[in-house]
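The values are calculated or read from the model by the stated rules, or taken from the named source; none is laboratory data. These figures come from a predicted structure and were not determined experimentally. FYI the Cβ positions are ideal-geometry reconstructions off the backbone, even for glycines, and counts take in every protein chain you see.
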Amino acid sequence: MNFSSKLLENAVKALSTLPGIGKKTALRLALHLINQPEDQVESFSRAIVSMKKDIKHCQVCCNLSDDIICSICSDPSRVKKLICVVESVRDVMAIEDTNQFRGTYHVLGGIISPLEGIGPSALNIDGLISRVANNEVEEIIMAISPTIEGETTLFYLSKQLQSFQIKISTIARGVAFGGELEYADELTLGRSIISRVPYSSISED
Amino acid sequence: MENACLSMWLNQLILTNYKNYKWEEFNFDPVINCFTGLNGMGKTNLLDAIYYLSMTKSYISTNDSLVSRFNTDYFRLEGHYSRLEQHEKIVAKVQPNKAKVFEVNLNPLNKLSEHIGFLPVVFIAPDDISIIMEGSELRRKFLDNTLAQTNTTYLSHLLHYNRVLHQRNAYLKQIANEKNTDAILLDIYDEQLEKPATYIYHARTEFLKLFNPVFNEIYQKISNEKETVGVEYQSKLDGDSLLNLLSLNKKRDVFLQRTSVGIHKDDLLFTLEENPLKKYASQGQRKSFLLAIKLAQFTYLKNCLGINPILLLDDIFDKLDPFRVQSLINHLITNFKGQIFISDTHNHRIPGMLTDLGVSHLHKEIIDGKWKK
């Protein structure tokens, strides 16, 4: 790509370092920014810089936060006795969007996968154990992807937590809502049959 | 035809950049197809392409990047099959840094493993003799290849087992470097291995019970001998649970930085009159043994799936006298009613024999990745 301006070239290079952005998209974004009012572009870049500078990890749950304690952990209406364990911040957002959960979270920061160099010590597991040890926790809900590595992580956590008198549950696995049975894969469908639930518990919502 | 509903055959194959084929199209005979030509012309590659469309990988090259033609980086295979009176179009597309794509009637498959067993296939090549002479890996590959084609649960347990095993081995390496032994995670991997390992152990045991009688019958027919042959399953899981074995070997595994027991160490013992084949058999006996084990695989696949597999015979008539070749061909045609693909370096030997026998067949001479028009 030939640029008439070094300034443009630098901006395009910077934008194309972002995931999912190729050279052409980067050029399109840069040209768009040139045509925007200056104050708008300034506030755009300020938003990015101050996000990077000031964002914190919540000391309790490791979720992204503006303060030392995140807005979920500091919300008095959230049920502290209930902790939902997730892999990443994105999972917190996905569960928050359901409006079905009023407890608190714990973000592990990944799952156990020695093949990718992630052992148990690389994850925020000690934080979870001390939360359980020092607070009145009744139930831990494991909302971890049902992959082989997810299962490893789940087993590992439940072994670490077995000395505490708490309930450990995992999110249900089965046929997608609004999905048709014939399109469900065999493994999922087989599992849904084995771990079926009484009819009455489906209808109450 | 023995039974019309057993039939499956490849009508048409189009290769693009597959090994030494730049672009070539073949229309096949439903019964016998014979490719002749000098060494290095692409006869084996053609059979390998047919294998690829069934098993989603090459029989000969372990790495897809070695499959595409010299100086190219992608390849494509398109096969048109008639299967249980339905037309099935299978396309394989492999490009660098992209996931391998398999399409069945234009629908891309979510998992390649779903495809295994849809178009059963048996490949017989001269190099297969190493299954008798060399390490246990090749014998496990034979077991897995047969069971994966007939039992999808087996395949998913095997993939699961291998994935956990890789993680366990990576973890053993990691703790060796960090000098910390967090035994809990090893225990968890052990538990995760237990279920698939037990399933695989039982499936392999059951398979050999069914396989041995079929194998003996075929061996005696093609060798014209009364000798008994056997395939004996050797597994440490015989009489002990994997959990127990893994915990007994834990110290060793930590030292070796890999998992030293499990179904990935199983082996098969081949016997002739109850003696180990490796030590006691002559060249000819080995050759008959190999041929019989593969043809027994064919029969086993046919019995399980209700479909005649495609039989790929790569240069197996080499060093056989004309009389034996003829008796083998005769035997194959009468007893193995699947579509057969044969490669041979003699231009007229096999086609001539087929003509004499009055068997319909297709003959193509292969020259440098093209058939002679």
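Filter the range B:179-200 down to residues that are buried (at least 19 other Cβ atoms within 10 Å of the Cβ), more than 7 Å from every other protein chain (Cβ to nearest Cβ) and within 28 Å of the chain's Cα centre (by Cα), then give me how many there are.
Residues flagged as buried (at least 19 other Cβ atoms within 10 Å of the Cβ), more than 7 Å from every other protein chain (Cβ to nearest Cβ) and within 28 Å of the chain's Cα centre (by Cα) within the range B:179-200 amount to 5.
Among the residues of the range B:207-221, are any aliphatic (A, V, I, L, M), loosely packed, with under 15 Cβ neighbours inside 10 Å and in contact (Cβ under 8 Å) with a residue 12 or more places away in the chain?
yes
If you scan the range B:229-253, which residues turn out to be under 26 Å from the mean Cα position of the chain (by Cα) and surrounded by fewer than 14 Cβ atoms within 10 Å (Cβ to Cβ)?
B:GLU232, B:GLN234, B:ASP238 - these are the residues of the range B:229-253 that are under 26 Å from the mean Cα position of the chain (by Cα) and surrounded by fewer than 14 Cβ atoms within 10 Å (Cβ to Cβ).
Based on this model, can you work out whether A:ILE129 counts as within 14 Å of chain B (Cβ to nearest Cβ) and among the hydrophobic types (A, V, I, L, M, F, W, C)?
Numbers: within 14 Å of chain B (Cβ to nearest Cβ): yes; among the hydrophobic types (A, V, I, L, M, F, W, C): yes.
In short, yes.
Specify the residue that is farthest from B:PHE298 (Cα to Cα); the eligible residues are those in the range B:160-175 that are at pLDDT below 95 and hydrophobic (A, V, I, L, M, F, W, C).
B:ILE175
Among the numbered criteria (1) surrounded by 13 or more Cβ atoms within 10 Å (Cβ to Cβ); (2) of a type outside the set (A, V, I, L, M); (3) more than 14 Å from chain B (Cβ to nearest Cβ), which single criterion is violated by A:THR153?
With (1) surrounded by 13 or more Cβ atoms within 10 Å (Cβ to Cβ); (2) of a type outside the set (A, V, I, L, M); (3) more than 14 Å from chain B (Cβ to nearest Cβ) applied to A:THR153, the lone miss is (3).
Considering only residues that are part of a helix (DSSP H, G or I) and within 14 Å of chain B (Cβ to nearest Cβ), look in the range A:59-115 and name the one that is nearest to A:ASN135 (Cα to Cα). Explain how you work it out, then say what you get.
Going through the range A:59-115, the residues part of a helix (DSSP H, G or I) turn out to be A:89-98, A:114-115.
Next cut, within 14 Å of chain B (Cβ to nearest Cβ) only: A:114-115.
Numbers: A:PRO114: 31, A:LEU115: 34 Å.
Per the stated criteria, the residue is A:PRO114.
Given the conditions (1) touching a helix residue (DSSP H, G or I) at 6+ places or on another chain (Cβ under 8 Å); (2) within 13 Å of chain B (Cβ to nearest Cβ); (3) touching a residue at least 24 places away in the same chain (Cβ under 8 Å), report the number of the one that A:PRO146 does not fulfil.
The number of the failed condition is (1).
Has the range B:349-359 got at least one residue that is assigned by TED's automatic domain parsing to the domain that holds B:GLN86 and closer than 22 Å to B:PRO213 by Cα? Break it down stepwise before answering.
Taking the range B:349-359 as the starting set, the residues that turn out to be assigned by TED's automatic domain parsing to the domain that holds B:GLN86 are B:349-359.
In the following step, the residues that additionally are closer than 22 Å to B:PRO213 by Cα were identified as none.
No, the range B:349-359 contains no residue that is assigned by TED's automatic domain parsing to the domain that holds B:GLN86 and closer than 22 Å to B:PRO213 by Cα.
Taking A:ILE69, is it surrounded by 12 or more Cβ atoms within 10 Å (Cβ to Cβ) and either in contact (Cβ under 8 Å) with a residue 40 or more places away in the chain or not charged (D, E, K, R) (or both)?
So A:ILE69 fits the description; yes.
Just to be sure, is B:SER327 among the small types (Gly, Ala, Ser), assigned to a helix (DSSP H, G or I) and surrounded by fewer than 20 Cβ atoms within 10 Å (Cβ to Cβ)?
yes
Which residue out of B:ALA99, B:ALA176, B:ALA148 is part of a helix (DSSP H, G or I) and either surrounded by 20 or more Cβ atoms within 10 Å (Cβ to Cβ) or more than 14 Å from chain A (Cβ to nearest Cβ) (or both)?
After ruling out the rest, the residue left standing is B:ALA148.
With the condition kept exactly as written, say whether any residue in the range A:171-182 is in the same structural domain as A:ILE144 (by TED's automatic domain parsing), among the β-branched types (Val, Ile, Thr) and either more than 27 Å from the chain's Cα centre (by Cα) or at pLDDT below 80 (or both).
Keep residues of the range A:171-182 that are in the same structural domain as A:ILE144 (by TED's automatic domain parsing), which gives A:171-182.
Subset that is among the β-branched types (Val, Ile, Thr): A:171, A:175.
If we keep only those that are either more than 27 Å from the chain's Cα centre (by Cα) or at pLDDT below 80 (or both) as well, we get none.
Checked against the condition, which is being in the same structural domain as A:ILE144 (by TED's automatic domain parsing), among the β-branched types (Val, Ile, Thr) and either more than 27 Å from the chain's Cα centre (by Cα) or at pLDDT below 80 (or both), the range A:171-182 yields no hits at all.
So is B:VAL121 over 28 Å from B:ASP267 (Cβ atoms) and more than 14 Å from chain A (Cβ to nearest Cβ) or not?
No, not satisfied.
Please pick out the residue among B:PHE341, B:PHE298, B:PHE317 that is assigned to a strand (DSSP E or B) and surrounded by 14 or more Cβ atoms within 10 Å (Cβ to Cβ).
Exactly one of B:PHE341, B:PHE298, B:PHE317 is assigned to a strand (DSSP E or B) and surrounded by 14 or more Cβ atoms within 10 Å (Cβ to Cβ), namely B:PHE341.
Say whether the condition of being among the aromatic types (Phe, Trp, Tyr), touching a Gly at 6+ places or on another chain (Cβ under 9 Å) and in the same structural domain as B:ILE329 (by TED's automatic domain parsing) is met by at least one residue in the range B:24-43. Can you show your working first?
As a first pass, look at the range B:24-43 and keep what is among the aromatic types (Phe, Trp, Tyr): B:26, B:28, B:35.
With touching a Gly at 6+ places or on another chain (Cβ under 9 Å) added as a condition, the list becomes B:35.
Subset that is in the same structural domain as B:ILE329 (by TED's automatic domain parsing): B:35.
Within the range B:24-43, one or more residues are among the aromatic types (Phe, Trp, Tyr), touching a Gly at 6+ places or on another chain (Cβ under 9 Å) and in the same structural domain as B:ILE329 (by TED's automatic domain parsing).
Taking the range A:156-193, which residues are away from chain B (no Cβ under 14 Å), in a helix (DSSP H, G or I) and touching a residue at least 12 places away in the same chain (Cβ under 8 Å)?
A:SER192
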